[in-house]
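Q: Here you go, one structure.
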Amino acid sequence: MDVELRPKLVGQRIKRFEDPRLLTGAGRFVDDITPPGTLFLAFRRSDHPHALIKSIDLGSALSVPGVVAVFDATDIENDLRPAIPSSRMKGYYATPLWPLARGKVRYVGEPVLAVAAESRYAAEDALDRIQIDYESLPFANRAEDAVADGAPLLHEDAGTNAIVVRSFGRGDVDAAFAGAAFSVGATFRLRRKTPVAIENRCYLAEWDKRRSALTLHSSTNIPGVIRDVLSDCLDLPGNRLRVIAPDVGGSFGSKGSLYPEEMLVAVLARKLQRPIKWTSDRLEDLASTSQAFDEIMQAELAVDADGRLLGLKADVIGDIGAYSIYPWTGALEPVQVVSFMPGPYRLENYQARVRGVVTPKAPTGPYRGVGRPAATFAMERLIDMAARRLGLDPAEMRRRNLITAPEFPYRSASGIIWDRSGFQECLQAACDKANYDSLLRKRDEARAEGRWVGIGFASYAELTGIGSRISVAPGMPINTGTETATIRIDATGSITAAFGIASHGQGLETTLAQVIADELGCRIEDIEIQHGDSALVPMGTGTYASRSAVLGGGAATLSARVVRTKVLKAAAHLMELPVDKLVAHNGIVSAPGSNQSITFKEIANAVYAQMGRIPHNAREDLVASETYDPYFGTATSATHLAMIEIDTGTYGVTVTRYVVAEDCGRVINPMIVDGQVQGAVAQGIGVALLEEVIHDDDGQIVTASLADYLIPIAGTMPPIGIVHVETVLPPTQGGFRGMGEGGTIGAPAAIANAVSDALSAMGIEITTLPITPDRIFQLITQQGSLPQ
Amino acid sequence: MTVVSVTVNRTVYRRDVEDRLLLSDFLRNDLSLTGTHVGCEHGVCGACTVIVDGYSVRSCLLLAVQTDGAVVETVEGLGTTEALNPLQKAFQDHHALQCGFCTPGFLMACTDMLRRLPLTTDAEIREALSGNLCRCTGYEHIVNAVRDAVRKRGPL
């Protein structure tokens, strides 16, 4: 059979290699590892939003059996340097990150001191015996207050609470608005979220006295970044500092930053020369893990009489919490809100300002979608508001404005370059899949019965697989645009492929093996994918920003290609045939048209173990280490369509139909892509309807348990209909686009539009998420249209 | 300290434990059965679900001393990596897990519900799954896996 016609593994629903261990309790998460002699940490955290630490009285803490030591900031002052989340952005202030509060606390939940003990139970007993005296300081709880002149400063050295300020502009916005038929606008509010990975954060550090070396086991998705920054903080070279992320129980971005507890565990392992472990409980997670999506977006859209978009104005305040997070900085979320707000649309005139403001809350960081769920919520609401004003169908409104095939590559009004992607095709595919016309009829029939039913769209584009030309976070100096794969065939013929990525649920041990098996021509079951370990490649960062399939897959392809060439050359010597007559498939090298063949195992044995079978000057180890850099990134696009019904008695919203049509390029494993889309949409539905981190006026976090911070459950999730639209493959190696985050980008907007549609007869437009029953009640009451 | 004698996955263990020791910590730390995971320690997420005397329970809401004389089943008592049991196999076939952290809790909850509930409709399956939180999958593939397991189980 012709090689090209042989069945490929890319594109198939290969069952995951990760599953057997995870299904039998044989996985290994950080908290499953407890070396002999381990000391356990418990933290005393600030119960003040903004206060000076006046005194700490340890009381009888040290007399609790099993307690070894107590540390506050002064005890470790000389043991490390702080991490600085630097950026090239003008006017930005980088808040230094230390493990424990130094003299002052800036949010409820900030670590102040730590007890090390023989058990977590003993450590927590000791915490109760410690007295900390604070002097309360004034604070501005709300971002809109914190940004005002004269607001109490959280970081005096910054001189302002607005530590990030940036403007974007293109074209003549004033002229566009002056020439518009009309404009629509509102202040949109996306309320603060927390990612809630089911595994809480956990860190275990071990000091090796023999080598003066540190190994940190971390529930992180950026082991390479953590290795590099701790190398500076602890003054340890990379060959004596190793960060291992074993099985990691979800992240969604929340485990993608450096944490104070992570630094302290490393510092204390070296200081005490014993293994040190800290496992977060859920209260600590909800109070201190990076939060997200806390945005106030004033936005206005100018439209002509045919519904064409003329201009957009946006003024955004992002509440970034108490500190700028390492390495992404507090600019990550709010700046992306304005840079992605023009969406997948043809729009020439744009003017935007964004301010990232520090407030006494847990720091914000990356969370699935980053900035784009907020941007898409605002923009897609404006599109629907304009369509309603014109009496135009929302699908037709989008059709008139989405970038069309001949217009690619298209430079968006904020400067993002969209490569060819199925912007229009996804809209059409979503309508077809949902049978849009029939849905409209069903909606109208339900309304005739007095039911509150609505349909909503969201179209968006995201930049994925970002290469070295573009910073993942604005102005961030760390290169995240390359990925290295080291592939080797050993003397037994088995294949090991090592990466800098860190899979934590994405199934990359399976998808990367599919890519390698196709390219190398080996058996997929002979491959072991290694990841989540800073020692595997010279430089690796991790898995985030929808990069790993694109960059990891690209690096895998390049390395596998080199190894295949070496395999074929060795086989040519062994088979005494010209190399260009040979092909490799399924672990066998053969010569089409002859009956000669040889297995990879035999070739490996001949190369490594049998003297003289290959001429000594032609013998090459069957290894390769290649780095892939897509340089730019590639556009992943989608349209979501949601149908909802509001209970007219309880005002609870039920999602009754949900469709996603997305273009993620070549699909490596459709089963895994479906799983990513479904999970991301569930998180987007949480954003839209349930999830809200609430701080009261005293700065206390009110949603400090999973009974108060609600995430979607099986009973409230609809089935998701998914269409994979493959238009033109992008120029990335393999034609892959990133697709891990999109579901969370589209769902909040689609549901907000559907709820607005359901309530349109009352003139209600949704501008705040989540849409809780209470908020719907308030809106209807304010409108004075409370039904009987 | 109290002596606890408990049967876990058909093995009898006798241990001297503090009265306040959680069953979840006892299984993970004293018996090294780390397949049972701890996600919230306040009884909401269900990651720590195990079966005690035939009923699925939150091991974070029970004390180890309460299981004296009891028969406990954990994820380690299901199939092995080489020979998954039918429920585990259904989870793999349907891609019902991603990070796998909540999975042991789902498997134990499903083991219990497959023994006692008809689970004839998706609504019933979703209702039965609603005591366990998964943040990765959006639940659809878990529902598909349970439906498949119900089909292979047959009617009760």
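Q: With r as the distance between the Cβ atoms of A:Ser705 and A:Asp647 and R0 = 35 Å, compute the FRET efficiency 1/(1 + (r/R0)^6) and round to 0.05.
A: Working: r = 26 Å, r/R0 = 0.73.
E(calc), rounded to 0.05, equals 0.85.
Q: What does the extension gain come out to for A:Ala761 and A:Ser60, with contour length at 0.36 nm per residue minus their alpha carbon separation?
A: Values: separation 701, 0.36 × 701 = 252.36 nm, distance 6.57 nm.
Gain on stretching A:Ala761 to A:Ser60: 245.8 nm.
Q: Also, quick follow-up: Apply 1/(1 + (r/R0)^6) to the Cβ-Cβ distance of A:Asp774 and A:Ala175, taking R0 = 41 Å, and write down the FRET efficiency to the nearest 0.05. Mind showing how you got there, number by number?
A: Numbers: r = 42 Å, r/R0 = 1.03.
The value I calculate is 0.45.
Q: List the residues whose amide H sits under 5 Å from the amide H of B:Gly39, counting only those 5 or more places along or on another chain, with H placed 1.01 Å from N in the peptide plane.
A: For B:Gly39, whose amide H was placed from the backbone, the distant partners under 5 Å are B:Ala47, B:Cys48.
Q: I've got another one for you. Using packing as a proxy for protection, rank A:343-355, B:100-112, A:89-101 so that the peptide with the highest average count of other Cβ atoms within 10 Å comes first. Intermediate values should be presented prior to the final figure.
A: Numbers: A:343-355: 22.8, B:100-112: 26.8, A:89-101: 19.3.
Sorting A:343-355, B:100-112, A:89-101 by mean packing, highest first, produces B:100-112, A:343-355, A:89-101.
Q: Right, next: Roughly what would the spin-label model give for A:Asp157 and A:Val579, points 7 Å off Cα along C-beta, in nm?
A: Once both label points are built, they end up 5.7 nm from each other.
Q: Would you mind checking A:Lys566/A:Lys601; A:Lys255/A:Lys361; A:Lys54/A:Lys255; A:Lys54/A:Lys90 for any pair whose Cα atoms are more than 25 angstrom apart?
A: Numbers: A:Lys566/A:Lys601 14 Å; A:Lys255/A:Lys361 18 Å; A:Lys54/A:Lys255 32 Å; A:Lys54/A:Lys90 35 Å.
Distance filter (> 25 Å) returns A:Lys54/A:Lys255; A:Lys54/A:Lys90.
Q: A follow-up question, please. I want to verify the translational diffusion coefficient of chain B in µm²/s; compute it with Stokes-Einstein, Rh as the Kirkwood radius over Cα pairs, at 25 °C and 0.890 mPa s. Working shown, then result.
A: Details: Rh = 15.8 Å.
This corresponds to a translational diffusion coefficient of 155 µm²/s.
Q: Then there is this: How well do other chains shield peptide A:703-716, expressed as the mean number of their Cβ atoms within 10 Å of each residue Cβ? The partial results should precede the final answer.
A: Values: counts 0, 0, 5, 7, 4, 1, 1, 2, 5, 5, 10, 19, 9, 3.
That works out to 5 on average.
Q: With viscosity set to 0.692 mPa s and temperature to 37 °C, compute the Stokes-Einstein D of the protein assembly as shown, Rh being the Kirkwood radius across alpha carbon pairs; µm²/s, no decimals. Let's see the in-between values first.
A: Working: Rh = 29.0 Å.
The Stokes-Einstein estimate is 113 µm²/s.
Q: Here's a follow-up. Over region B:86-151, what relative contact order in percent results from Cα pairs under 8 Å that are six or more residues apart? Present the calculation step by step, with values, prior to reporting the outcome.
A: Details: 59 pairs, mean separation 37.4, N = 66.
Relative contact order, region B:86-151: 57 percent.
Q: Still on this structure: Taking a probe of 1.4 Å and counting only protein heavy atoms, give the total accessible area buried between chains A and B in Å², rounded to the nearest 100.
A: Numbers: alone 28990 and 8150 Å², together 33020 Å².
That pair hides around 4100 Å² of surface in total.
Q: Using modelled backbone amide H atoms (1.01 Å from N, in-plane), which distant-in-sequence or interchain residues come within less than 5 Å of A:Ile722's amide H?
A: Residues meeting the criterion, in which the H sits 1.01 Å from N, are A:Val660.
Q: What Kirkwood hydrodynamic radius do you get for region A:144-197 when you take the inverse of the mean 1/r over all pairs of distinct Cα atoms, in Å? Spell out each step's value before the answer.
A: Numbers: mean 1/r = 0.0639 Å⁻¹.
Computed over Cα pairs of region A:144-197, the Kirkwood hydrodynamic radius comes out at 15.7 Å.
Q: Using the Karplus curve 6.51 cos²θ - 1.76 cosθ + 1.60 with θ = phi - 60°, what ³J(HN,Hα) values do you get for each residue of region B:24-39, in whole Hz, with x for Gly and Pro?
A: Working through the residues one at a time gives 4, 5, 4, 5, 6, 9, 7, 9, 6, 9, 7, x, 6, 9, 10, x Hz.
Q: Let me ask you something else. If only Cα atoms are counted, what is the Rg of region A:107-149, and what is its Dmax, in Å?
A: According to the Cα coordinates of region A:107-149, Rg and Dmax are 16.3, 50 Å.
Q: Shielding of B:139-145 by partners, i.e. mean partner chain Cβ atoms within 10 Å per residue?
A: Details: counts 11, 13, 5, 1, 3, 1, 0.
Going residue by residue through B:139-145 and averaging, the value is 5.
Q: Another one. Report the Cα centroid-to-centroid distance between region A:34-71 and region A:148-162 in angstrom, as an integer.
A: Answer, in whole Å: 31.
Q: Just need log10 I(q)/I(0) for region A:529-650 at q = 0.19, 0.22 Å⁻¹, Debye formula, equal scatterers on the alpha-carbon atoms, no solvent, rounded to two decimals.
A: For the requested q values the scattering log ratios are -1.04, -1.20.
Q: I would also like to ask the following. With both partners inside chain B, how many of the DSSP beta bridges are antiparallel, as a percent to the nearest 5? Can you show the working numbers first?
A: Working: 14 of 16 bridges.
Expressed as a percentage, antiparallel bridges in chain B total about 90.
Q: Then there's this: Just to confirm the filter: which GluC sites (Glu not before Pro) across region A:676-763 are DSSP coil and have at most 11 other Cβ within 10 angstrom of their Cβ?
A: Values: sites: A:Glu691, A:Glu692, A:Glu726, A:Glu741; in loops: A:Glu691, A:Glu692, A:Glu726, A:Glu741.
Here no GluC sites (Glu not before Pro) fit, given the DSSP loop and packing criteria.
Q: For region B:2-77, build the convex hull from the C-alpha positions and give me its volume per residue in Å³. Write down the numbers at each step before the final one.
A: On the way: hull volume 5.5 nm³, N = 76.
Expressed per residue, the convex hull around the Cα atoms of region B:2-77 is 72 Å³.
Q: Give the residues of region B:31-52 whose amide nitrogen is closer than 20 Å to a point set 7 Å from the Cα of A:Thr34 in the direction of its Cβ.
A: Hits in region B:31-52 for A:Thr34 at 20 Å: B:31-43, B:47-51.
Q: Moving on. Roughly how much of B:Lys89 is accessible, in Å² to the nearest 10, using a 1.4 Å probe?
A: Taking all protein chains as shown, B:Lys89 has close to 90 Å².
Q: Then there is this: Scattering from the C-alpha atoms of region B:86-151 alone, worked out with Debye: what is log10 I(q)/I(0) at q = 0.22 1/Å?
A: Treating every Cα as an identical point scatterer, log10 I(q)/I(0) equals -0.84.
Q: Something else about it: Mind checking A:506-513 for the average number of partner chain beta-carbons within 10 Å of each residue's beta-carbon? Present the calculation step by step, with values, prior to reporting the outcome.
A: Numbers: counts 3, 4, 0, 0, 1, 0, 0, 0.
Per residue, the average neighbour count from other chains is 1.
Q: A follow-up question, please. Quick one: which residues, 5 or more positions from A:Leu113 or on another chain, have an amide H under 5 Å from its amide H? H modelled 1.01 Å from N in the peptide plane, none for Pro or chain starts.
A: A:Arg44
Q: I'd like the distance separating the alpha-carbon centroids of region A:229-286 and region A:658-707, in whole Å.
A: Rounded to whole Å, the Cα centres lie 26 Å apart.
Q: Taking every DSSP beta bridge with both residues inside region B:2-77, roughly what % is antiparallel (nearest 5)? Each step should come with its number before you reach the end.
A: Details: 14 of 16 bridges.
Bridges in region B:2-77 that DSSP calls antiparallel: roughly 90 percent.
Q: Follow-up. Could you pull out which residues in region A:517-533 have an amide N less than 20 Å from a spot 7 Å beyond the Cα of A:Ala26, following the Cα-Cβ vector?
A: A:524-531
Q: Counting alpha carbon pairs within less than 8 Å and at least 6 residues apart, what relative contact order, in whole percent, applies to chain A?
A: Details: 2002 pairs, mean separation 120.9, N = 788.
Relative contact order, chain A: 15 percent.
Q: Kindly state, as a whole number, the per residue volume in cubic angstrom of the convex hull around the alpha carbon atoms of region A:1-141.
A: On the way: hull volume 38.8 nm³, N = 141.
For region A:1-141, the hull spanned by Cα atoms encloses 275 Å³ per residue.
Q: Which value, in debye to the nearest 20, gives the size of the charge dipole of region B:86-151 about its Cα centre, when Lys and Arg are +1 and Asp and Glu are -1 at the Cβ?
A: Details: 7 positive and 7 negative charges, 27 e Å.
Result for region B:86-151 is approximately 140 debye, rounded to the nearest 20.
Q: Once phi is turned into θ = phi - 60°, what whole-Hz ³J(HN,Hα) does the Karplus curve with 6.51, -1.76 and 1.60 give for every residue of region A:151-168, x standing for Gly and Pro?
A: Going residue by residue, I get 5, x, 8, 7, 10, 4, 4, 6, x, 7, 8, 8, 7, 10, 9, 8, 10, 10 Hz, with x marking Gly and Pro.
Q: DSSP beta bridges in region A:261-398, what fraction antiparallel, as a percent rounded to 5? Can you show the working numbers first?
A: Working: 9 of 20 bridges.
Here the share of antiparallel DSSP bridges comes out near 45 percent.
Q: Just grab the label-to-label distance for A:Thr656 and B:Ser5, each label 7 Å out from Cα along the Cβ direction, in nm (one decimal).
A: 6.0
Q: Sticking with this structure for a sec: Any chance you could tell me what percent of the C-alpha pair distances in region A:613-699 go past 17 Å? Each step should come with its number before you reach the end.
A: On the way: 2697 of 3741 pairs.
For region A:613-699, the share of Cα pairs beyond 17 Å comes to 72 percent.
Q: Quick one: compute the contact order of region B:16-55, relative version, from alpha carbon pairs under 8 angstrom and 6+ residues apart, as a percent.
A: Working: 22 pairs, mean separation 10.3, N = 40.
After rounding, I find 26 percent.
Q: Sort the following peptides by mean Cβ neighbour count (other Cβ atoms within 10 Å, averaged over residues), highest first: A:469-481, A:18-30. Walk me through the numbers before you get to the answer.
A: Details: A:469-481: 18.4, A:18-30: 22.5.
Peptide ranking by packing, descending: A:18-30, A:469-481.
The values are calculated or read from the model by the stated rules, or taken from the named source; none is laboratory data. Just so it is clear, the structure is predicted and the values come from calculations on it, not from any experiment. Neighbour counts run over all protein chains shown; Cβ positions are idealised from the backbone, glycine included. The protein model used for the area step is the full one, side chains on, heavy atoms only, and it has no ligands, DNA or RNA in it. Shrake-Rupley method; radii C 1.70, N 1.55, O 1.52, S 1.80 Å.
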